[in-house]
Amino acid sequence: MTNEELLELLKARINHNTWEQWFTSAQILDIQEKKVIIGIGNLFVKDFIARKYGSLVSNTLSDILSRKITAEFTFIPADQSTKKKAGPLIKERPLKLSDFNPEYTFNSFVIGEANRVAYYSALEVANNPGKYNPLFIYGDVALGKTHLLHAIGNHLMENSPDLKVMYVTAEEFMNDLMKSLREEKMDDFRERYRKKIDILLIDDVQFLIGKDMAQGELFHTFNTLFNLGKQIIICSDRTPEELATFHPRLISRFEMGLVVNVDEPDKKTKLKIAKKMAEMSSLYLSDDVVSYLVENIDNNLRRLRGLILNLFFHSKVTGEKVNIETVKKLYSSLKAHKKNIPQTKETLRVLKKNLILEAVIKEYNLTREQLFSPTRKKEISEARQILSFMLKNYGR
Ligand code: ADP
Ligand code: MG
């Protein structure tokens, strides 16, 4: 059976309206022993279909082929998918290549002497992509580099929804490269990074120190995009020059555009940042608590944010207002906790998720079992909705 024939059979068995609304860009890409790979010409639609119709399509395909089949959906960029007219819903939506943290915006970024130049350069680039190319932002950890990259992404998604903006960490770039090599899909890889994007945001490029092959690939990606006038923005924990073992040709590319620094903010700016972070978690912190946090507890901005999130959950669960005593108590329990657990990204994530889970369970006075039971009781399903909201917004 050819791919086209299978598609026709599938279509015949799926509700006509559903098909017209969601499946018009569908293509069967591969029929395997246990899997059928289906290409969909829009990222949103792909995710939606996988979630909503995944099992229906798998079952229908199993039926048609008389063996157990799992349908797998994959995104194929527009000009590779069928030329058939896409449904109205599909057309209006911009192509979304990356998720940007909605909290990391230009608005929520506090400007001080130490980051002013970086801030305005990022804003300028977001307003006029291609003008300063590349933009290279460097500085120590937790000084707002990733925040600025996401701010650029959020700004572009809002103001130029037609531009295709991709955010990757250098690590993701390399993993993607390795995977594509392994699976002999380098054509797809190059297509993805060189042809399908208008703006490339690369975070933590220092990760590629000593990774020659990935550097080589980045060099070619860079050149192609650059020659097409596409904006590239790079973040690093050190200057281009200090990326000492990077290939000189790559370093000179990085130095070609605008190189800006984010420095450690002064105390006043840090206080403002802490206030902003609390504000964003809808947590009220009095001035004395904020300065206590910054001066006595931890002035690393990333840890400060973690602490503020914990304070937020704490006050949510207990209903208490946050004062200096609460801060001290919570901080010492967190420290005790940390001693026992290696602080990898993953454990931090798990910690956060557990905190959220506990907060919801307490808030609704439920047990874990009740929360995850299949019941539809109003209160429990509300608790579940809150849980999923909190996990989505704070659990990352
Ligand atoms: P980096 O990528 O430089 O290591 P991040 O962008 O992850 O740092 O920043 C760490 C945390 O501090 C984030 O939560 C970020 O929102 C916050 N942050 C850093 N600088 C600022 C600033 N100037 N204004 C507001 N928040 C900031
Ligand atoms: Mg970062």
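Taken together, the values in this text are just the output of simple stated rules run on the coordinates, not laboratory data. What you see is a predicted model, and the numbers here were worked out from it, not measured in a lab. Don't worry about glycine lacking a Cβ; one is built from the backbone with ideal geometry, like all the others, and counts go over all protein chains shown.
Mind checking the log10 I(q)/I(0) for segment 1-43 at q = 0.18, 0.27, 0.29, 0.35 Å⁻¹? Debye, one equal scatterer per Cα, no solvent, two decimals. Reported log10 I(q)/I(0), two decimals: -0.52, -1.03, -1.12, -1.24.
Structure remark: mean-square fluctuation, Gaussian network model of the chain, C-alpha springs under 10 Å; the largest value among Glu325, Glu217, Glu369 belongs to Glu369.
Beta bridges per DSSP, both residues in the chain: antiparallel share near 15 percent. The lysines within cross-link reach of Lys68, meaning a Cα-to-Cα straight distance under 16 Å and a gap of 8 or more places when in the same chain, are Lys34, Lys35.
The alpha-carbon of Lys377 sits under 19 angstrom from the alpha-carbons of these lysines, leaving out residues fewer than 8 places away in its chain: Lys362.
For segment 2-75, the relative contact order is 32 percent, taking Cα pairs closer than 8 Å that sit 6 or more residues apart in sequence and dividing their mean separation by the residue count. The Cα trace of segment 99-200 gives Rg and Dmax of 15.0, 48 Å, the first to one decimal, the second as a whole number.
Hey, what did segment 151-216 get for relative contact order, percent, Cα under 8 Å, at least 6 apart?
It comes to 43 percent, rounded to a whole number.
Separation of the alpha carbons by more than 22 angstrom is noted, of Lys276/Lys316; Lys275/Lys316; Lys179/Lys230; Lys46/Lys230; Lys52/Lys353; Lys52/Lys352, for Lys179/Lys230; Lys46/Lys230; Lys52/Lys353; Lys52/Lys352.
In segment 228-299, the ratio of gyration radius to Kirkwood radius, Rg to Rh, stands at 1.20 when only Cα atoms are counted.
What fraction, in whole percent, of alpha-carbon pairs in the chain exceed 37 Å separation?
Details: 28704 of 78210 pairs.
Looking at the chain, the distances longer than 37 Å represent 37 percent of pairs.
Model label sites at Arg238 and Lys329, defined 7 Å from Cα along the beta-carbon direction, differ in position by 4.5 nm.
Could you tell me how many cubic angstrom of Cα convex hull volume segment 268-337 has per residue? Each step should come with its number before you reach the end.
Numbers: hull volume 5.4 nm³, N = 70.
Here the figure is 77 Å³ per residue.
How long are the three semi-axes of the equivalent ellipsoid of segment 190-281, in whole Å, if each is the root of 5 times an eigenvalue of the C-alpha gyration tensor, listed from largest down?
Values: eigenvalues 181, 61, 29 Å².
Value: 30, 17, 12 Å, ordered largest first.
Only aspartates and glutamates eight or more places from Lys11 in sequence, or on another chain, were considered; those with a Cα closer than 14 Å are Glu20, Asp63.
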